[in-house]
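Undergrad: Before I ask anything, let me first share the structure, which is written out below as structure tokens.
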Amino acid sequence: MTSETPPSTLKWSSQLLVTPPIRTPKLPGDKILLPQSALEQLLAAAPVVEIEDNNRENPASYLPRTSAFDPFNPYTFSAEAQARTVASSSSRTRQPQLPHPLTFRITNPNNGRAVYAGIREFSAEEGEVSLSSFLRGVLGLEAESTTTASGVGADAVDGNAKLAAAVTVDVQQLPKGTYVRLRPVEAGYESEDWKALLERHLRENFTTLTIGEVLRIPRGRNRHFEFLVDKAAPDGNGICIVDTDLEVDIEPLNEEQARETLRRRTEKASLENKAKKKSSTGGLISKDQDISGRVGRGEYVDYELKDWNSSKEIHLQLEAADGADLDVFISPLTRRIERRYLSQMLTGCGKPWCRNEYCKTGHQQRSSQPSSSPSGSLPTSSKDILQTIKPLLDAIELKPGGVNTAPFYFCVDEMSQQRRIVGEMIAAETVYDIRWCLAALEASGGDLDKARDWLNGWAPKRDETRSE
């Protein structure tokens, strides 16, 4: 099946009011409802094509068109051929043809957000468009609906506040997708858990995929898998996934993309929290910065101060606008690292692939393997754990301008753990240091043979001295 979709001559655009959620039927995935007038306008704007009226089931279609036709008489054959040509041309009908499937680009003019969508049916109220909850969230309309519900920009209709937000709907034919790369927003997803759910959910609920958006795949009551649509082929801002062989590739988020995803989610959450009067999302702060926010009763907000002059004192001033009693808890990074070790060694991470010797789960996994060397018993009390990890904490360099070379023994995702195991296997050959082995596996994407080639070409051996 070809991946390229010929450019459509169909052009249509309309600005419609968004149907309030209270009057919107439950729509899955990226589905929308348009009014009947939109279908009429689309048909009027669609290109007209000729369609053959193939009336083969009617025996009369085989009868001669001239009364004197004799198939063995060459003088009557030309007249019969001309008569049948005229009849054939008159049997063709001209009618508008819409592309299948119909796909649209929806834009929120208030914030510039845009997303692609597929049509469910033409049954919306005139002048309105009904959007699924997924599309409303992507377009940032959930926060706007909260604002209008309070009476700003709303009209009372049948006792309900009618959302006055408008969106621009443009018909846009997307190319048939052949490849899409999704990245789990969180680590720890098991492939056997989400693979079947993902394929079925996309097939049943989505017509299009928009690059940069996060899909939420339900996996039980109030639980979801979340995947970032990171890349697609053909290149562009979106693809159509109907009637095409789509290759789905799942890759974990790298550090840069994880930060970008967190930034986008934080921006969306900030808008929603501001509208819904929820607690602020926190984040990075700097010296001499004034911050205003909200914190709900029984909740907390985390802020992180990364850079400051450690030779001087830090004074924090907290003011409650409504006279509420607020508490401030300040914790240095070493305490957070300490708590991480305590959590790992007391309860474990619960990940079946973990082999971390400073984790209860990983220690049990290592001990159950016959090939693993005994690493002693793991402390079980907080007092003994603190004594065990004290040398690890003392070796960490946290001063400004300093370079830390001390290792951290934190539990990681499955791919990183697998690379660690292979790296230790290569390092056991005593040719290259473990750090170079891990760097080679990172550069080669986990391929053992390519990692060895990378080591031979770039890494110094243990017995090599550094040349000045």
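Undergrad: Within a Cβ distance under 12 Å of Gln15, other residues only, what is the Lys/Arg minus Asp/Glu net charge?
TA: On the way: positive: none; negative: Glu128, Asp170.
Counting the neighbours of Gln15, the net charge comes to -2.
Undergrad: With the Cα gyration tensor of the stretch 399-468 giving a ≥ b ≥ c as the square roots of its eigenvalues, does the rule (a/c under 1.5 for rounded; else a/b larger than b/c for prolate; else oblate) give rounded, prolate or oblate?
TA: Working: a/c = 1.87, a/b = 1.03, b/c = 1.82.
Oblate, since a/c reaches 1.5 and b/c is not below a/b.
Undergrad: Between Val48 and Arg462, what FRET efficiency comes out of the Förster formula 1/(1 + (r/R0)^6) with R0 = 45 Å and r the beta carbon distance, rounded to 0.05? Could the numbers behind the result be given before it?
TA: Working: r = 76 Å, r/R0 = 1.70.
According to the calculation, E is roughly 0.05.
Undergrad: Ordered by residue, what ³J(HN,Hα) values in Hz, to whole numbers, does the stretch 345-350 give under the Karplus form 6.51 cos²θ - 1.76 cosθ + 1.60, where θ = phi - 60° and Gly and Pro are x?
TA: 7, 7, 10, x, 8, x
Undergrad: Something else: Within 14 Å, Cβ to Cβ, of Arg366, how many net charges do the neighbouring residues add up to if Lys/Arg are +1 and Asp/Glu are -1?
TA: That sum, taken over residues with Cβ under 14 Å, equals +2.
Undergrad: Next up: If neighbour count is taken as other Cβ atoms inside 10 Å, put Val214, Val431, Val48 in order from fewest to most.
TA: Fewest-to-most Cβ neighbours within 10 Å comes out as Val48, Val431, Val214.
Undergrad: Now for a separate question. In whole Hz, what ³J(HN,Hα) sequence does the stretch 410-426 give by Karplus (6.51, -1.76, 1.60; θ = phi - 60°), x for Gly and Pro?
TA: Once rounded to whole Hz, the list reads 9, 6, 10, 6, 5, 5, 5, 5, 4, 5, 5, 5, 5, x, 5, 5, 5.
Undergrad: Which whole-Hz couplings ³J(HN,Hα) result when phi for each residue of the stretch 27-33 is put into the Karplus expression 6.51 cos²θ - 1.76 cosθ + 1.60, θ = phi - 60°, listed in order with x for Gly and Pro?
TA: Running phi through 6.51 cos²θ - 1.76 cosθ + 1.60 with θ = phi - 60° gives 10, x, x, 9, 7, 10, 10 Hz.
Undergrad: Is the stretch 329-468 best put as rounded, prolate or oblate by its Cα gyration tensor, with a ≥ b ≥ c the root eigenvalues, rounded for a/c under 1.5, and otherwise prolate when a/b is larger than b/c, oblate when not?
TA: Oblate is the answer for the stretch 329-468, as a/c is 1.5 or above yet b/c matches or exceeds a/b.
Undergrad: Something else: Looking at the stretch 305-386, which trypsin sites (Lys or Arg not before Pro) are in a loop (DSSP not H, G, I, E or B) and have at most 16 other Cβ atoms within 10 Å?
TA: Lys306, Lys312
Undergrad: Next up: Multiply the residue gap between Leu39 and Lys11 by 0.36 nm, knock off their C-alpha separation, and tell me the result in nm, one decimal place.
TA: Values: separation 28, 0.36 × 28 = 10.08 nm, distance 1.27 nm.
The span from Leu39 to Lys11 would gain 8.8 nm if fully extended.
Undergrad: When only DSSP loop residues count, what GluC sites (Glu not before Pro) in the stretch 306-338 have their Cβ near at most 14 other Cβ atoms within 10 Å?
TA: Details: sites: Glu313, Glu319, Glu338; in loops: Glu313, Glu319.
Here the sparse-neighbourhood loop sites are Glu313, Glu319.
Undergrad: Under the rule of at least 5 residues apart or a separate chain, name every residue whose amide H is placed under 5 Å from the amide H of Cys349.
TA: Lys360, Thr361, Gly362
Just so you know, all these numbers are worked out from the coordinates, no wet-lab data involved. The structure displayed is predicted, hence computed values, not measured ones. Here Cβ is always computed from backbone atoms with ideal geometry, including for glycine, and neighbour counts include all displayed protein chains.
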